[in-house]
1. Identify, please: which residue in the range B:366-393 is of a type in the set (D, E, K, R) and in a strand (DSSP E or B) and is, among those, nearest to the chain's Cα centre (by Cα)?
2. Filtering the range A:356-391 down to residues that are of a type in the set (Val, Ile, Thr) and open to solvent by 10 Å² or more (accessible area, probe 1.4 Å), which residue is nearest to the chain's Cα centre (by Cα)?
3. Among (1) open to solvent by less than 50 Å² (accessible area, probe 1.4 Å); (2) part of a loop (DSSP other than H, G, I, E, B), which single condition is residue B:139 missing?
4. Which members of the range B:70-99 meet the condition of being within 20 Å of residue B:255 (Cα to Cα) and open to solvent by 20 Å² or more (accessible area, probe 1.4 Å)?
5. Please go through (1) open to solvent by 10 Å² or more (accessible area, probe 1.4 Å); (2) free of Cβ contacts under 8 Å to residues at least 60 places away in the same chain for residue A:504 and return the number of the only condition it doesn't satisfy.
6. Residues of the range B:397-416 being of a type in the set (Gly, Ala, Ser), open to solvent by 20 Å² or more (accessible area, probe 1.4 Å) and more than 26 Å from residue A:467 (Cβ to Cβ), which ones?
7. Could you list, in sequence order, the residues of the range B:367-408 that are among the polar types (S, T, N, Q) and closer than 19 Å to residue B:313 by Cα?
8. Got a sec? Which of B:339, B:377, B:333 is crowded, with 23+ Cβ neighbours inside 10 Å, touching a Ser or Thr at 6+ places or on another chain (Cβ under 9 Å), within 14 Å of chain A (Cβ to nearest Cβ) and not charged (D, E, K, R)?
Amino acid sequence: MKTIVALVSLTITNPAFAQSEFFGDVPQFVEQAEIAGIDHQYRGPFEYFVGGGAASFDCNNDRMNDLFIAGGEMPAKLFRNTSKAGQDITFSEQPISATGEITKVTGAYPINFDNDAHVDLMVLRVGQNQILRGLGDCTFAKANDHFVFDGGDAWTTGFSAIWEQDAANPTLAFANYIDRDAPGSPWGTCEDNVLARPNPNGEYDQNQSLSPSFCSLSIMFTDWNNRGQFDLRVTNDRQYHRGGYEQLWNLNNGGRPEQFDARDGWQKLIIWGMGIAQTDLNADGRPDYALSSMGDTMLQTLDEDAEEDSPIYRDMAYERAATAHRPYQGDDLKPSTGWHTEFADFNNDTRTDLYIAKGNVERMPDFAEVDPDNMLMGLPNGKFSEQGGAAGIALPRRGRGAVIEDFNADGMLDLLVVNREEPVSLFRNLGRKTEWGYAPFGNFLAVELRNTGVNRNAVGAKISVKTGNLTQTHTVQIGGGHASGRLGFIHFGLGVAERAQVRIKWPDGDWSQPYRVFANNFVVLDRDDPDAKYWYPAR
Amino acid sequence: MKTVICSLILMLFGQQGVAQSDTAWAEKTPSIGAIENIPHGLQSKTQLEHLRTIGEALFTAQFTEKDGAGRPMATQAIIPTKPRRALRQTFARTSGLDANACSSCHNQPFDGGAGDFVANVFLSEGFNNHDFDTTDPEFSNERGTNHLFGSGLIELLAREMTVDLVSQRTRALSNARDTGSAVRVALITKDISFGHITATPDGMVDLSELDGVDTDLVIRPFSQKGVMTSLRQFTVNASNHHHGMQASERFGVRWTGEQDFDEDGYENEFSPADVSALVAWQASLPAPTVWQPSDGAWQDAAQIGAEHFDDFGCTSCHRTALPLNSLHFYDPGPVDAAGTLNQHDVAKPAIYDLSQLDWVKSLERNEQGQVMVPLFGDLKRHKITDPENELLGNELFSQRFVGRDIFMTAELWGLGSTAPYGHRNDFTTLDAIIRAHGGSAKSSKDSYENAPEKQRSEIVAFLKTLRIEVAE
């Protein structure tokens, strides 16, 4: 009876959140950053109201992803993953060797610039951005000079990278925020974003300004119409730009970048753009995007009636119950402030879920002060159901960047959230709650790609995983989110399927043969090897 | 809350429906729901017998539409799948529903047994070709119905073999990590070789030298291809495929978001407890035996035939017996993945101690005290055709990653009670099915073909003594 009263009360008092019942497995997260050995905060004045990212990658070639976390005015920190499979997540902090302390860091993305055996880092800063070249065993060297890379002096908040055509090295894109030295700053003084293409020697001496720019907070190379060429999507903060809008740059297949505009069908959208996430909800090859903002989150899909080369998007956040526009619990009905956003299957039921980090910028009175992160669980009918509270992630912290990663190789995605002026949250995913303890979800598959020669991590590759009539797709990307990125195994929920067929469209467009693999395995697909190999973590 | 809902239902529908379902002549299967809760813990002989009674009733029940039989909006697929439009007809000998009861096909020589050619089934994955009306192999693989006698022992053997293989992989990985060098190991369990794997210090495993087992090293002992893990998994699959009776543990709301996935108006058609009863009955069906003919000439021929069977190399795959360590049958079992109830899904699995069953007492034990399961099989897949002999390579589809000319060694126990033969049940004599062997079995087949007629006859005499003798 109590339940009935509670349900009635919820329906009457909070109609915005009267939504589809969720019958699936609700992931149970437990926050254990301190236990895991991560004691870190992202702190600082105005320049660090935004940013606050982390990079998840394997810096010691053990396939257990390590962490580099921005610190704002505090030094960034490196944490080596010492977890054993299926056990508590543990990290060990270690110095970022050979570089000394790195401060003024807003975020970081892992990337392999030079196609060697070690992942490098692109460190975003308020001031000169910094390439840290991986040397193995979680050691790094500053490498701007090595790559003839001009890190600039901007307030950088976003990054993306792609290997264009036959390039041996990646093209880089930097999202910059406010030009804090311009007269009238901060309003209407947006720093230009930058596109950096490598020369044949792998050096970055040809930076191009992407003008106009509108105080961007996230940037992402994306093959939005599935033609095999990547363009550049940018989300911009209306708080500071004047006359700006969301942008999609046509990179013209390696040529001069041009904005898509109304003549192309690109509709002017003005939001407080904070983060971009990409997925492909119906596996049609044409990505759908989540854009976090203040108030409504956008969930954009290419309009069915749009012509092939027309980027005409339709927002379906409302019809899919994914607006996440205000806190889902508590009595603060002011709009939410969304930051990092990312699609992932947290409960391995094959349906993609949507995570959004939330948190007031800095005492903005018109927006919710207590603003829990969202965990929008995908439903069979294509809608989403908010389960952040039930999942245990609704802490009263101000989220910014985040990483979704299976840190302890148990087949269930964990979550790291970088909070502003508060400790980093590390949520271990324990599985579903039962009367007899925690139990796993559906089946899963983790896929690692190894490309030949250049672009070792196969950035730009498209993975198709087929189980029955269902095809799930994933594009390997560096970029988007909010100042946070990852490289490593790509996680798929398989639900009740105990096997899957996997095909890869490698970055150069070649398709692989089908790989036949069994569920609940970590699978390594090497382009030169016709057979899938399985990887087993240390226990 | 339950009371409120029940009262509402009564108010809305009156008492007529309740009265009809309660009558002795109600067109419903009373054994469905007879066990309210899934059994757990070690079951006494009495408890097991109770489960078996209900399991047998379910196995032999002719399910009705009032039980939930029929799946207008679900295909025969193992993964819950909806057709684009409602299936045209409730029953179809090809794509199903193709049986009213489990025992409609599994009935030779007793319930739980094999099926005649008329009871063949047509396998398609049920994703694309879910509504076919032809027996053309372009759409499906046609298969005979296997018997289930001794299947509990088969599953126990498979579980132990899986544990062995996985342990060998774990040790290889550990050694590779410790030594910093690649470690290549032979995978052998119960004296059966499954090829090699190579583990490297970085935790990678090269699977390219595997032989006759899936890459996850799980021995899947059921179906002619050896692609089904457990009686439980097979029961859930078959209940949907053949009867449209959907088990909630896979087709229920947790996975599909729907209480009535097949949209036939009935929710939760098979509870986990119903499936458990079916599993308990199947798992405890007696093992076939070696029959002693009263005819002295047959006895003598069979005895010599057994020796020829060994001499010709037939027992290299049709192993006479495999040793089993434990007779404790856990349900749900330790190997099933999500989608079939598994040990993560229950507080405590049921344990059926098969040693309580009278027929088990007659099984031989070796010097180590292991039960010797006389299956005449090796639970391994082999290539069964070659360019000179492709009679058994008559399918067009691979099944669940297993190539069209590869099958699991048929367990021969019960063979004498379950003619016809072959995976399509289209060989009427033992002589014909032996001659159809190719591929890995070529040399044995050649030995048979080249042997004098008397020796061939003696082998047939032996094989015909492998019978299912009693139903209980």
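The values are calculated or read from the model by the stated rules, or taken from the named source; none is laboratory data. If you're wondering where the values come from, they're calculated on a predicted model, not measured in any experiment. Counting neighbours? That spans all protein chains shown, and the Cβs are built from the backbone with ideal geometry, glycine included. Areas reflect the complete protein model, heavy atoms only, side chains present, ligands, DNA and RNA absent. Shrake-Rupley method; radii C 1.70, N 1.55, O 1.52, S 1.80 Å.
1. Step one: list which residues in the range B:366-393 are of a type in the set (D, E, K, R), which gives B:367, B:378, B:380-381, B:383, B:386, B:388, B:390.
Add one more test, that the residue is in a strand (DSSP E or B), and what stays is B:381, B:383, B:386.
Numbers: B:381: 15, B:383: 20, B:386: 27 Å.
This residue is B:381.
2. In this case the residue turns out to be A:361.
3. So residue B:139 meets the others, but not (1).
4. Start the filter on the range B:70-99 by keeping residues that are within 20 Å of residue B:255 (Cα to Cα), which leaves B:70-84.
Passing the criteria: B:72, B:73, B:78, B:79, B:80, B:82, B:84.
5. With (1) open to solvent by 10 Å² or more (accessible area, probe 1.4 Å); (2) free of Cβ contacts under 8 Å to residues at least 60 places away in the same chain applied to residue A:504, the lone miss is (1).
6. Of everything in the range B:397-416, those that are of a type in the set (Gly, Ala, Ser), open to solvent by 20 Å² or more (accessible area, probe 1.4 Å) and more than 26 Å from residue A:467 (Cβ to Cβ) turn out to be B:410, B:416.
7. B:385, B:389
8. It is B:333.
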